[in-house]
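To keep things clear, I will list the structure first and then write my remarks on it.
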Amino acid sequence: MKSILADCLQAMPKVEIHVHLVGAIAAEIVYQMAQKNQVEIPVTSLEEWKSFYQFRDLAHFVEVYTIASRCIQTPEDYVLIVEQFLKHQSEQNIKYSEVHFSTTLHVNKFSDDELFHALETGAVQGETNYGSRVRFIATISRHQPDLQNRALECALLGQERGIIVGLGLAGLETGHPPEGFTETFAEAKRQGLRVVAHGGETEGANSIWGALKNLQVERIGHGVRCLEDNALVEELRISQTPLEVSPQSNYCLGVVPRAQPHPIRQMVDAGLYCTLNSDDPPMFNTNLVNEYSTLATQGFSWEELWQLNLNTLEATFLREAEKAAYRIQWQGFLETLGEE
Ligand code: ADE
Ligand code: ZN
């Protein structure tokens, strides 16, 4: 990739709408927290913990992710990880992020009030120190269906406090179809939460159809396997449902073979609404700038990459006035390019 393009991808103002809080913490920090909090982990050194991040598939990844989530124990830990997250986002000029907070993996460590106070403190400190904003999506791990109401309760509390914008569904897709979460998502919508779900990552088109029809989600996490069903591609094209695409995640979890260019090319060419995201950046040895660079090396033009960036902004759950303010910044950036 030409270095001018690399510089532009780094410098362009960006947003991100599919990134997981625990998946965004550096391996060193998780390891230090495990030691400080005396959490048992199945390794004895940082090197071993880092090598744990070689995933066989989504099931193996979810196992590691669950252990990492257990390492975070105190309100101060949550403050630190949110602030560190915003530092990394700001280093890539990411102005705003919508972040999956896997609520079912974090509840009951201490009170919900303390938990939200910690997330808020991290968000305020991060925004003040680094100028990058965050809102959370309270996410149900689909292999913990018994905790779905508890996650909704947290989501509503966080919504009242202005820090949670939506309810999400992540975790093991196989064996845990969307249909089992219909009532919870319907209630979330009635209460004014925005709704999203992972789908079409390790399962095929049915999982996406289920998320659309049963959960009435507004965006699909990944969605790459929609290409297996022409009727679904047509439905997604007409509805322009945003798909939150994360190429490196798909390579690392074996959803797409490494030797192949990413199917986002076919998705864009089919007229689908694609956004670009990093999912679990240090766990997949990536970040958002690297996701854009990956597509650049696979033949995406600057104009196409910029369009993905615009798509991602428009697909946020920000209010119209907030989006409009970012559009002005984005336009200002384009004008600086024209002057060079
Ligand atoms: N949780 C964190 N990353 C995930 C992914 N890629 N798929 C499902 N659940 C996840
Ligand atoms: Zn994800």
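Each reported figure results from applying straightforward, stated rules to the coordinates on display, with no laboratory input. Remember, it's a predicted structure, so these values are computed and weren't measured experimentally. Quick reminder, even Gly has a Cβ in these numbers, built from the backbone with ideal geometry, and neighbours come from all protein chains shown.
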Quiz item: In region 1-42, how many residues are surrounded by 15 or more Cβ atoms within 10 Å (Cβ to Cβ), more than 16 Å from ligand 1 (Cβ to nearest atom), among the β-branched types (Val, Ile, Thr) and farther than 20 Å from residue 130 by Cα?
Solution: 2
Exercise. Could you give me the residue pairs with C-beta distances under 6 Å whose first residue belongs to region 54-80 and is among the small types (Gly, Ala, Ser), whose second residue is near ligand 1 (Cβ under 10 Å from one of its atoms) wherever it lies, and which are 6+ apart or on separate chains?
Key: 68/22; 69/22; 69/105
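On the basis of being in contact (Cβ under 8 Å) with a residue 12 or more places away in the chain and within 13 Å of the chain's Cα centre (by Cα), does residue 277 make the cut?
On the way: in contact (Cβ under 8 Å) with a residue 12 or more places away in the chain: yes; within 13 Å of the chain's Cα centre (by Cα): yes.
The answer is yes for residue 277.
Quick one: which helices (runs of 4 or more DSSP H) sit completely within region 45-91 and have at least 1 residues that are more than 16 Å from ligand 2 (Cβ to nearest atom) and in contact with a His (Cβ under 8 Å, 6 or more places away or on another chain)?
In region 45-91, the matching helices (runs of 4 or more DSSP H) lie at 75-91.
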Quiz item: Limited to region 266-295, what total is found for residues that are of a type in the set (A, V, I, L, M, F, W, C) and more than 17 Å from residue 236 (Cα to Cα)?
Solution: 5
Quiz item: If you go through region 218-229 one residue at a time, how many are farther than 17 Å from residue 308 by Cβ and either assigned to a strand (DSSP E or B) or more than 16 Å from ligand 1 (Cβ to nearest atom) (or both)?
Solution: 4
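Could you check, for region 169-191, whether at least one of its residues is within 16 Å of residue 17 (Cβ to Cβ), away from ligand 1 (no atom under 16 Å from the Cβ) and part of a loop (DSSP other than H, G, I, E, B)?
Start the filter on region 169-191 by keeping residues that are within 16 Å of residue 17 (Cβ to Cβ), which leaves 169-170.
Remaining after also requiring away from ligand 1 (no atom under 16 Å from the Cβ): none.
No.
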Quiz prompt | Residue satisfying all of: in region 110-141; in a strand (DSSP E or B) and over 11 Å from residue 163 (Cα atoms); nearest to ligand 2 (Cβ to nearest atom) among these | solution = 139
Exercise. Please name all residue pairs, on different chains or six or more residues apart, with Cβ atoms under 8 Å, provided the first residue is in region 250-274 and is at positive phi and the second residue is of a type in the set (D, E, K, R).
Key: 254/56; 254/57; 271/237
